[in-house]
Amino acid sequence: MLSIGELIDLLQEDDWTICLTATPTAASWIDREALAKQTGYPVRAEWRKPGEPEPHPPATAVAVVPATFNVINKWAHGINAPDSDAAAP
């Protein structure tokens, strides 16, 4: 199994720009400082407030790791709020 740092290395070898956004829980499991140094961008784990600048460039591709069954289903239904379990259409 690849570590996140190894995956970043492989993607950067193919000239991808890597930016990471983690859930607050996942952010407690990773070395955000080391990953920010490796990618050149801060690892986001908090919501931006209105008017705050976007720290990452626009995305051309997205990898969701891990993509759970629930995550894929929420995306398919357009649900993306953190408390969306109660807000299903």
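Taking the Cα centre of the chain as the origin and placing charges on Cβ (Lys, Arg +1; Asp, Glu -1), which of ILE8, PRO66, LEU35 is farthest toward the positive end of the dipole?
PRO66
What size of dipole, in debye to the nearest 20, comes out for the chain about its Cα centre when the only charges are +1 on Lys and Arg C-beta atoms and -1 on Asp and Glu C-beta atoms?
Dipole about the Cα centre, nearest 20: 320 debye.
A short reminder: the numbers here are calculations on the coordinates, not readings from a lab. It should be emphasised that the depicted structure is a prediction, and the values quoted were computed from it without experimental measurement. Cβ: placed from backbone, ideal geometry, glycine included. Neighbour counts: every protein chain shown.
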